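Visitor: I am attaching a structure below and will ask some questions about it afterwards.
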Amino acid sequence: MHPYIFYIMTNTQLIGRFAPSPSGRMHLGNVYAALMSWLYARKQGGRWIIRIEDLDAMRCPRKFAEEIIDDLHWLGLDSDGEILYQSERADIYLEAFNRLREQDLVYDCFCSRADLRASSAPHSSDGTPIYPGTCRKMSPEQHAAMLKIRRPSQRVSVPDEESFFVDGNYGPQRCNLLKDCGDFVVRRADGVFAYQLAVTVDDALSGVTEVVRGCDLLPSAHLQIFLYKKLGYNVPRFRHLPLLTAPDGRRLSKRDDDANMGYLRSIYTPQQVLGQIMHAAGFCGAGEELTLEDCLAIENSHPQYN
Ligand code: GLU
């Protein structure tokens, strides 16, 4: 092997991550995302980090984060390095936000949620209304008048251009940034930085190379890739997972008590819970009890995820 190739192979460390929002106890769907990203990183000798996405501190008491960490520990999903809390990183997001500002990519938006709901704007593939650009076109006079009435949020303006990436699971993904996604909020009116900015900055600064998460976030990847490029970061690989559903086909949510980790831990062992997740994800039959080593072996032998 050429020494340079050997150098790249031994020095390019794969880093995966799990980034839960601690707004309640995890359910099987969250644990599935954690398990898949852990397996994907560990089978390749990579690092795996945890980041708590508690930007909205009011909705995310520390107790929930601690429960999540404890649930992951109970399952044996060990992480590397320090656990980051987004609520402690506003200064870091501000620096990135200012760099977007310097590029003239940010503008004030005075539209309320009700305004957006009332507009007849089309919706993006994840069901959120595509911002029609109302405040992008505002004159300086209108802007000054609005500033007296309302505190604005800040949006990034996206170009009328195609975005393209290849998802590790869903294959080639294309969209027109302006028509299919629209200008998006990077800072809320209350000053809290928004998910799209924080997740991009954190993944980039943590050196994350593999983003494995639920496919509800597939459309967000286009916006995040846009930010990666504007902020001069390396774009990671994305691998979105099908969402786990309850036996009746509904998407699992934090309201499904029988899929909640508090309940699961009270009646099952970690091996039984891992078996249930692997079964729900179509990797094995019902009722199996699996160790993490078993999960690694099954995942490795499954061509879809290799
Ligand atoms: N915090 C997000 C959630 O729990 C996930 C963000 C991500 O993985 O990019 O849904």
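Readers should treat all values here as calculations from the given coordinates under stated rules, not as data from a laboratory. Note that the structure is predicted; figures quoted are calculated from it, not measured. Cβ placement follows ideal geometry from the backbone for every residue including glycine, while neighbour counts extend to all protein chains displayed.
Visitor: Build a GNM of the chain with springs between Cα atoms under 10 Å: which of 286, 194, 144 gets the top mean-square fluctuation?
Guide: Comparing 286, 194, 144 in a Gaussian network model of the chain, the most mobile one is 144.
Visitor: Explain nothing, just compute: Karplus ³J(HN,Hα) = 6.51 cos²θ - 1.76 cosθ + 1.60, θ = phi - 60°, for every residue of the stretch 15-31 in order, whole Hz, x for Gly and Pro.
Guide: Each residue of the stretch 15-31 in turn: 10, x, 7, 10, 10, x, 9, x, 9, x, 5, 5, 10, 3, x, 5, 5 Hz.
Visitor: Further question: Which whole-Hz ³J(HN,Hα) couplings does the stretch 143-154 yield from phi under the Karplus relation 6.51 cos²θ - 1.76 cosθ + 1.60, θ = phi - 60°, glycine and proline marked x?
Guide: Here the 3J(HN,Hα) series is 4, 4, 5, 5, 4, 6, 9, 9, 7, x, 8, 10 Hz.
Visitor: Can you give the FRET efficiency to the nearest 0.05 for residue 147 and residue 296, using r as the Cβ-Cβ distance and R₀ = 45 Å?
Guide: 0.20
Visitor: A further question follows. With no other cysteine's Cβ closer than 4.7 Å, which Cys residues of the chain count as lacking a disulfide-compatible partner?
Guide: So far as the 4.7 Å Cβ criterion goes, 60, 111, 175, 181, 215, 284, 295 stand without a partner in the chain.
Visitor: Let me ask something else about it. Pairs of Cα atoms under 8 Å, at least six residues apart: use those to get the relative contact order of the chain, whole percent.
Guide: Relative contact order of the chain: 20 percent.
Visitor: Another question, then. Quick one: Cα centre-to-centre distance for the stretch 143-172 and the stretch 271-290, in angstrom?
Guide: 39
Visitor: Shifting gears a bit: Provide 213, 151 in ascending order of the number of other Cβ atoms located within 10 Å of each residue's Cβ, fewest first.
Guide: The most exposed by this proxy come first: 151, 213.
Visitor: A further question on this structure: Less than 24 Å apart at the alpha-carbon level, and either on another chain or at least 8 residues along: which lysines does that give for residue 137?
Guide: 148, 179, 230
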